[in-house]
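Here's the structure we're looking at; comments come further down.
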Amino acid sequence: MVIAHRYAEANLEPAFASLPRRGEEQERLLLTGTQSTALGKLQAGMGFQTYYPISPATDESTFLERHNSVPFSGGRRAGPLLLQVEDELAAITMASGAALAGARSATSTSGPGFSLMTEGMGWAGMNEVPVVITLYQRGGPSTGLPTRTDQGDLQTAIRGGHGEFPRMVIASGSVEACFHDAALAFNYAERYQLPVIHLLDKALTSTLQTVSRFETGNLRVDRGLRFEATGDSIEAMPRFALTESGISPRPLLGQKGIHFWSTGVEHSEEGQVSEDPVVREQMMEKRARKLERILEELPPEEQVRLHGDHEARFTLLTWGSTTGAVLDAMQRLAAAGIRARTLQLRLLWPFPGEVLEKVMQGASPLVVIECNYSGQLNRLLREQTGRRGDHLVVKYSGRPISGEALFPVLQAIHAGEAGYRTVLRNPYE
């Protein structure tokens, strides 16, 4: 940026070179959301990532392939193993295998690839595997809009797969947040021993902007509850021991002196195949307790983030990359004398209904804003809390929402001049 400013001063007309300097020069990073996510994974100590090429997810893995040598204290360098595989089913199962062996493991894909992963993700859910799935949303269905943005995979991320098993779904709302959320995803996966889906989208991952150097002092690696061998031989250890929290001490494949079973079917505490109805109920309830634990333990700011005038009644609810446009529109509202606040959901599943209901108190009107046709967050809100937005603003052209286009719509809603559903359209984009 400094070089560009100096060039403008030397070569352009004075009117174009009059931008003031922003105080003292600071070290900044010029990153896309994709690169920020990749750096967050490196910061978290990821050891293994699989991928099958698919737009727009491939950019992350190729970036990691170019930057997988990370300096450590003592002068040594190391980094994750990146493996391009034959298909998405191989990607999720190989990532799960590496996680079982003790690596911080992930796979990266987009909507069509995620659909193919759901069977393997179910296996990971049954076996309580701490694996991270980075899901870059794009327009669907089928091949859809492979180079355009969308927020149409929310329900798929939450429900994808047959049967019921716990998973976490988190969404980043800025380039900077991509870094921190990518690192947190590994902590969540290992702490709660389940698949974690990190939701991003084309608009955010392609956004290129300068950000301050990441604050990493508060980032800690949490490997979760691990099984510590005593050295004595154990015939069969209770890998899936029934616990109050739903979380069992986790051994690693090949750990000396122990053995257990990992299969795709329902099982006993040791992992042996079982169709006993009592065992089935116990295991389903054990796994489900993790979701309760997550909502109890996660700080409110890791579930929902509140922006703007905290006391305002005019409330905007959104998630993911749309957050930036909503915050821009909120600033425009403030300049026009309209008080507003924004609720950004960071945790989409388990749904943070209790935290959200507290901050939604007094919201009038409540406006839900998202980039999909049906208002998937709005439907989820009604399902989980009994309340839907008073207004729904959507866009599904494959182009991102802008604060400039959103502002007059919010003005009309505030003035009582808008209907329930508004579609943002611009044929010239």
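Some notes on this structure:
- Taking the listed residues Ser96, Ser115, the one that is more than 24 Å from Gly139 (Cβ to Cβ), in the same structural domain as Asp201 (by TED's automatic domain parsing) and part of a helix (DSSP H, G or I) is Ser96, with no other qualifying.
- If you go through the stretch 99-112 and pick out every residue that is outside any helix (DSSP H, G or I) and of a type in the set (A, V, I, L, M, F, W, C), you end up with 3.
- Residue that is surrounded by the fewest Cβ atoms within 10 Å (Cβ to Cβ), among those in the stretch 38-53 that are free of Cβ contacts under 8 Å to residues at least 60 places away in the same chain and part of a loop (DSSP other than H, G, I, E, B): Pro53
- Looking only at residues in the stretch 12-37 that are part of a loop (DSSP other than H, G, I, E, B) and modelled with pLDDT under 65, the one that is surrounded by the most Cβ atoms within 10 Å (Cβ to Cβ) is Ala17.
- The stretch 58-80: number of residues that are assigned to a loop (DSSP other than H, G, I, E, B), touching a Ser or Thr at 6+ places or on another chain (Cβ under 9 Å) and farther than 13 Å from Leu39 by Cβ: 0
- Members of the stretch 320-334 found to be out of contact with any Pro (no Cβ under 9 Å at 6 or more places or on another chain) and part of a loop (DSSP other than H, G, I, E, B), listed by number: Gly320
- Applying the condition of being touching a helix residue (DSSP H, G or I) at 6+ places or on another chain (Cβ under 9 Å) and acidic (Asp, Glu) to the stretch 203-245 and asking which residue is farthest from Gln35 (Cα to Cα) yields Glu244.
- Of the helices (runs of 4 or more DSSP H) lying entirely inside the stretch 154-219, those carrying at least 1 residues that are closer than 21 Å to Val304 by Cβ and in contact with a Leu (Cβ under 8 Å, 6 or more places away or on another chain) are 154-159, 175-192.
- Subset of the stretch 370-425 [among the polar types (S, T, N, Q), surrounded by fewer than 17 Cβ atoms within 10 Å (Cβ to Cβ) and within 15 Å of Thr149 (Cα to Cα)]: Ser402
- Sub-6 Å Cβ pairs linking a first residue in the stretch 234-247 that is surrounded by 14 or more Cβ atoms within 10 Å (Cβ to Cβ) to a second residue that is among the hydrophobic types (A, V, I, L, M, F, W, C), at least 6 apart or interchain, are Ile234/Ile258; Met237/Ile258; Met237/Phe260; Arg239/Phe260; Ile247/Leu225, ordered by first then second residue.
The values are calculated or read from the model by the stated rules, or taken from the named source; none is laboratory data. Because the structure is predicted, anything quoted here is derived from the model rather than measured. Positions of Cβ are generated from backbone atoms using ideal geometry, with glycine treated the same way; all protein chains shown enter the neighbour counts.
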